[in-house]
Each structure stands twice: as structure tokens, then as C-alpha cells.
Amino acid sequence: MKRTLMHFGITAALLGGPAVEAQEPVHWDVVARIREEGFQRSQVMSLAWYMTDVLGPRLTGSPGMRRAERWAKTTMDSLGLSNTTIEPFGPHGVGWTNEYTSLHLLAPSYQPLIGYPQAFTPGTAGRVTGSGQIVTIRTAADLDRYRGKLRGAIVLATPPVAAPSRFTADAERWSADSLSQMERATIAARYGIDGVEYAWDSVQKTFSPVGSQARPAVSPEAILAFFKAEGVAAVLEAGAGGDGTVFLVGRAGSRQDRSHAGVLRSLPVISLAAEHYNRLYRLAERGIPPRLELEVRNQLDTTETRGFNILGDLPGTDLADQLVMVGGHLDSWHAATGATDNAAGCAVVLEAIRILRALGIRPRRTIRVGLWSYEEGGVVGSRSYVANHFGDQSRKTTSYDKLSVYLNVDNGTGQFRGVYLQGNERVRPIFAEWMKPFADLGMSTLTINNTYGVDIIGFDVAGLPAFQFIQDPIAYETRTHHSNMDVYDKLVPEDLRRNAVILASFLYHAAMRDDPFPRESHR
């Protein structure tokens with residue numbers, strides 16, 4: 001076989017055909033200019049600061065998200081993008097905003113409590129006082145045991161969560177061994193890592209390995225409905241996390257039902273810092289009911305039930321009808337300011353565009369920016385965009401073949417270390433060349449694996465080339481992801497500057513190459 005391949009190469013050369021594919025070109029002079037602009041005159045942290053400290057939390061449908069959408073369009077206009085628009089999709093559901101939260105332990109001694117209402121739950125009926133009561137429901141028989149006994153109760157609804165002292169660092173970077181393991185993957189798990197497939201777990205409210213979670217006999221939705229029917233005043237849960245960090249999103253079922261009626265069918269659900277919840281639980285368990293005072297005010301808005309994506313174009317020249325797209329999600333959860341998830345990604349995207357504009361780059365293909373909404377509800381904004389503008393392999397629009405590639409930024413504040421190839425071996429040599437100018441920054445890893453839970457999914461399942469960067473984890477999973485600690489202070493400025501420079505270079509090369517990106521074979 002080896003001899004045959006060598007013979008074919010010689011014959012092809014003699015006949016004037018290429019023996020091997022031409023090497024992907026890298027414009028080193030442009031890369032040098034991009035590095036100079038991005039490192040010496042970066043504005044990425046100013047963009048991230050405004051999105052976090054000024055705009056604040058950006059839950060889809062909330063007034064904060066509406067402000068963020070208008071700001072994003074204005075910012076794109078200021079960068080010189082054309083065709084900027086706040087484009088609707090939908091429906092999304094009711095707008096929800098937490099306006100006030102006050103949580104206190106009154107007895108046996110006073111303590112202010114760290115806690116946050118779950119999104120898409122109603123507020124309390126004014127100020128509520130009462131004793132915390134442990135309620136354990138595992139089977140249908142438990143429902144009968146508590147029936148008629150919970151009116152006006154403040155329920156401690158979950159077991160304690162272990163919150164021991166930490167003996168490892170919160171933040172980390174990928175080790176050489178970890179990156180090497182990614183590179184050695186040969187078959188891409190569907191939306192998985194290291195051969196493990198992940199799917200959305202509605203009980204744990206996160207992406208979990210498929211088959212890893214046993215289904216409870218009584219669902220969380222059914223338990224909340226029971227509490228509502230029994231007249232419970234409020235439900236307290238132990239928040240995942242530690243050292244005052246509270247990981248939280250929305251009540252069970254809120255991703256499926258964000259309607260006005262759906263919120264009103266629920267009741268106040270509050271996640272407390274594990275250390276504070278555990279104290280309440282221990283007191284109640286030992287016969288000293290904790291005396292509590294709670295007040296939560298949440299505002300509902302039904303004036304606009306659609307979601308919105310924000311779009312803008314850097315126009316192309318001779319290949320202007322073809323698209324290179326770049327984006328990240330603008331929405332966040334509500335307990336903090338959505339810094340690492342995902343103001344960081346949006347700031348990097350906008351800064352990359354600013355760099356190209358500052359250099360007077362005129363791309364051959366049009367570069368389209370998409371800042372997505374409702375990613376936190378299941379990548380709904382980007383999936384809606386793909387369905388509306390491109391269709392899929394069985395229902396292609398006229399624009400389907402016009403998209404060359406989509407690049408997404410959403411995985412915390414960590415530095416880019418490489419690219420997930422999403423099972424597409426055809427793009428490996430392209431990215432390998434584009435990474436060479438950034439070897440000094442540790443950008444060198446390519447893995448055939450897929451990533452999951454990000455805005456490439458809608459593109460990928462439609463058969464369109466879409467890629468996510470491998471990023472250093474820093475403290476994304478341990479401290480900031482969907483938590484009250486997802487704030488500006490947790491951003492790593494040097495990493496974001498580097499990411500914007502790398503992204504600007506990738507966008508430039510994608511827009512300038514002769515051919516569109518090769519697509520994965522689907523059989």
C-alpha cells in the first residue's frame with residue numbers, strides 16, 4: 001500500500017496534479033499587526049466591565065437583558081458594523097426579575113443568610129416569619145404523610161450539602177497531560193468529553209453524563225406542585241457550592257414552562273449557601289426549630305414574550321455573499337453579573353471586531369457577529385437563528401451553503417488552548433496552521449471531540465461547520481459558573497486579551513481563504 005501511494009504521488013506530479021494538498025496560508029504580517037493592536041491598545045476589559053458592573057444580570061426577557069440588547073447594538077454601531085439589528089425569535093415567556101431579597105435567622109441567635117431565589121418563582125406574600133421545618137419526600141407515601149400539615153410552613157426541602165474545607169485550588173489551567181489526552185481522542189462522543197456523552201439533566205439542572213442519574217420516585221416538579229397545593233409559604237434548598245458560593249438557575253421545570261401562569265403555579269424557592277442551610281437543618285433535626293424571616297420580591301413582565309438576538313456585519317468584498325460568523329451568548333443567570341458566563345465571551349468577540357476595524361481590514365467574506373439570547377434555556381436563541389436563516393440538511397434555505405464557518409466563545413475567562421474539531425477531521429490542517437503564530441501563548445491543542453451546552457450546537461446538528469475553543473478552566477466549574485460569584489473580579493485580563501487577538505486572527509484567515517470551510521461528512 002505504501003508503495004502504491006508513493007507511485008500515485010509521483011505520477012500525479014508528472015501529470016501536473018498536486019501530490020499533496022497545498023498548505024493553509026498564514027498571513028504573518030497581519031498577525032503581527034493584530035497582536036500589536038490587541039496587546040497594546042486592548043479595550044476588552046472595558047467592554048467586560050460595562051456588561052457586568054453597569055448592565056448587571058441579563059436573564060432573557062428581563063429589563064436587564066433589554067438594556068444589554070440595546071447596548072450591544074449601539075456598541076456594534078460604534079464599531080462600524082452595518083445591518084445591526086435586534087432580531088426577535090420566540091416565544092420566550094414571561095420576563096422575570098428579582099427586585100429584593102432579605103433572608104435572616106432570628107433564633108436561636110441572629111444571622112443574616114446568604115441566599116437567592118430561583119429564577120421563574122414568585123415572591124413571598126410580603127414579609128414571612130416562621131420556623132424552618134424539614135420535609136423529606138422520597139415516595140408517594142411521603143406525600144400522604146405531610147398532607148394537611150404544611151400550611152404557612154417554611155420548608156427545608158433538601159438534605160444538607162457537604163461543605164468541608166478546601167484542600168485544592170479553585171482555579172486551574174489545563175496541564176500538559178490533560179491537553180495530550182484531548183489530542184489522543186480518535187472518536188468524538190456526541191456532545192461529550194473524553195468519550196463520555198452528556199445530556200441535560202432536568203433534576204440536577206446541569207449537563208450530566210448520560211445514564212448517571214437515577215430518576216426519583218417523585219419528581220421535583222411534583223413535589224413543588226404538592227407544596228403549592230398545601231399552602232407552603234416558601235421552600236428553602238441547599239445550594240451547591242461552598243465557601244458562600246451558591247450555584248443556582250431556575251426552579252425544576254422552569255426551562256419547559258416560563259409562562260406567566262407557570263410562574264404563578266410555583267411558589268417561592270430559595271437556594272441558600274450550603275453552610276447556612278446546613279446550620280438551619282442541624283437545628284431543626286435536633287429539635288431546635290430555627291426561627292426565620294424572609295422577604296422576596298420578584299417582578300413579572302408580560303409586555304414582550306419573545307427573545308432577541310443582536311446581529312451586525314463587517315461587510316465583505318469579492319465574497320461578500322458568503323458568511324463567517326462569530327458569537328457568544330449575551331444572557332446570563334440572575335444571582336451575579338454574568339462575567340465568566342458570558343460577558344467574557346461577548347467582550348472577546350467585540351474586541352476582536354474592534355481590532356480588525358482598527359487595522360482597516362477589508363475581509364473577502366462578510367463577518368457576521370451574533371450575540372445570542374436564551375442560551376441558558378437550552379441554546380434557544382442561536383438554534384432559532386439557524387432554523388430561521390439556514391434551515392438544516394433536509395430543509396435548506398438559500399443561505400445554507402453561504403455559511404463558511406461559525407466560531408463561538410463561551411467557556412469562562414480562561415485562555416484559548418486549542419479547538420474542539422466536532423468530529424470534522426477535514427478542518428484539522430486548517431486550524432493547525434492558524435495556531436502556529438500563537439504557539440508562544442500555549443495555543444496548540446486540537447481534539448476531535450465535541451463540546452456541549454454551547455451555541456455551536458444548532459449549527460452543528462444542521463450540518464454547518466461550527467467550532468468552540470478549548471479554554472483553561474480557571475475557576476469556572478468550581479466557583480463562577482451559574483453562581484453568585486460570577487462577577488468582574490473573577491475575570492483574567494491577560495487571558496481575555498490573548499483570546500481576542502487569537503480570535504481576530506482566526507476571523508481574518510477564515511474570511512480571506514479562497515475556499516469555504518470543509519464540512520463534515522454526514523451519512
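When ligands, DNA and RNA are left out and all protein chains stay put, how many square angstrom of accessible area per residue does the chain have with a 1.4 Å probe?
Computed with neighbouring chains in place, this is 42 Å² per residue.
Using a Förster distance of 30 angstrom, determine the FRET efficiency expected from the C-beta separation of D321 and R357, and round it to 0.05.
0.90
Say the dipole of the range 360-427 comes from +1 at the beta carbon of Lys and Arg and -1 at that of Asp and Glu; which of F416, W372, L403 then lies farthest toward its positive end?
Working it through, the farthest residue towards the positive pole turns out to be L403.
With +1 on each Lys and Arg Cβ and -1 on each Asp and Glu Cβ, how big is the dipole of the range 273-365 about its Cα centre, in debye rounded to the nearest 20?
220
Using the beta-carbon distance between F39 and D514 and R0 = 25 Å, what value does 1/(1 + (r/R0)^6) give for FRET efficiency, to the nearest 0.05?
0.30
With each pseudo-label sitting 7 Å past Cα toward Cβ, what's the H260-V26 distance in nm, one decimal?
Roughly 5.7 nm, to one decimal.
Return the label of the correct value of semi-axes √(5λ) of the Cα gyration tensor in Å, as calculated from the structure shown, out of (i) 41, 30, 22; (ii) 46, 24, 22; (iii) 32, 31, 23.
Matching the structure shown: (ii).
Between A140 and E285, take the C-beta separation as r, use R0 = 22 Å, and let me know the FRET efficiency to the nearest 0.05.
That gives a FRET efficiency of 0.40.
Which whole-number percentage describes the relative contact order of the chain, with Cα contacts under 8 Å and a sequence gap of 6 or more?
The normalised contact order for the chain reaches 23 percent.
Percent antiparallel among DSSP beta bridges with both residues in the chain, to the nearest 5?
60
Using the alpha-carbon centroid of each, what span in Å lies between the range 252-313 and the range 375-413?
Centre-to-centre (Cα) distance: 31 Å.
Expressed in nm², what is the orientationally averaged projection area of the convex hull enclosing the Cα positions of the range 464-523?
Directional mean of the projected Cα hull area for the range 464-523 stands at 6.4 nm².
Counting Lys and Arg as +1 and Asp and Glu as -1, each charge on the Cβ, what is the dipole of the range 63-121 about the Cα centre in debye, to the nearest 20?
60
Provide the net charge surrounding R428, with neighbours chosen by a C-beta distance below 11 Å and charges set as Lys +1, Arg +1, Asp -1, Glu -1.
Counting the neighbours of R428, the net charge comes to -3.
Rounded, prolate or oblate: which fits the range 360-415, taking a ≥ b ≥ c as square roots of the Cα gyration tensor eigenvalues, rounded meaning a/c under 1.5, else prolate when a/b beats b/c?
Here the range 360-415 falls in the oblate category.
Could you pull out the longest piece of the chain with no exposed loop chymotrypsin sites (Phe, Trp or Tyr not before Pro) in it, calling a site exposed if DSSP puts it outside H, G, I, E, B and it has at most 14 other Cβ atoms within 10 Å?
That would be 168-523.
Tell me, in nm to one decimal, what length is gained between Q393 and N83 on full extension, where the rule is 0.36 nm per residue of separation less the Cα-Cα distance?
108.9 nm
Within the range 273-312, list the residues whose amide N lies under 15 Å from a label point set 7 Å along Cα→Cβ of Y110.
Within reach of a label on Y110: 291-294.
Over the range 234-286, what is the mean sequence separation of C-alpha contacts under 8 Å (at least six apart), divided by residue count, expressed as relative contact order in percent?
53
Using each residue's phi in the range 241-256, evaluate 6.51 cos²θ - 1.76 cosθ + 1.60 at θ = phi - 60° and report the 3J(HN,Hα) Karplus result to the nearest Hz, with x for Gly and Pro.
So the Karplus estimates, Gly and Pro as x, are x, x, 6, x, 7, 10, 8, 7, 9, x, 4, 4, x, 5, 6, 8 Hz.
Helix 220-230 against the longest principal axis of the chain: what's the angle in degrees, Cα atoms only, rounded to the nearest 10?
Once rounded, the angle reads 30 degrees.
For the chain, what % of the accessible area comes from carbon and sulfur atoms, probe 1.4 Å?
52
With contacts defined as alpha carbon pairs under 8 Å and 6 or more residues apart, what's the relative contact order of the range 220-330 in percent?
26
How large is the charge dipole for the chain, taken about the Cα centre, if only the Cβ atoms of Lys, Arg (+1) and Asp, Glu (-1) carry charge, to the nearest 20 debye?
With only Lys, Arg, Asp and Glu charged at Cβ, the dipole is about 800 debye.
Could you point to the residue in S521, L446, L464 farthest towards the positive end of the range 424-523's charge dipole, with +1 and -1 charges on the Cβ of Lys/Arg and Asp/Glu respectively?
The listed residue farthest towards the positive side: S521.
Based on DSSP H runs of at least 4 residues, each adding -39500 (n - 2.57), what is the mean residue ellipticity at 222 nm of the chain after dividing by all its residues, to the nearest 500 deg cm²/dmol?
Computed mean residue ellipticity for the chain: -8500 deg cm²/dmol.
On a full-extension model of 0.36 nm per residue, what is the gain between I187 and S521, subtracting their alpha-carbon distance, rounded to one decimal in nm?
118.8 nm
The values are calculated or read from the model by the stated rules, or taken from the named source; none is laboratory data. For clarity, every value in this text was computed on a predicted model and none was experimentally measured. Reconstructed Cβ throughout: ideal geometry from the backbone, glycine too, with neighbour counts over all protein chains shown. We work out accessible area using only protein heavy atoms, side chains counted, and drop any ligands, DNA or RNA first. Shrake-Rupley method; radii C 1.70, N 1.55, O 1.52, S 1.80 Å.
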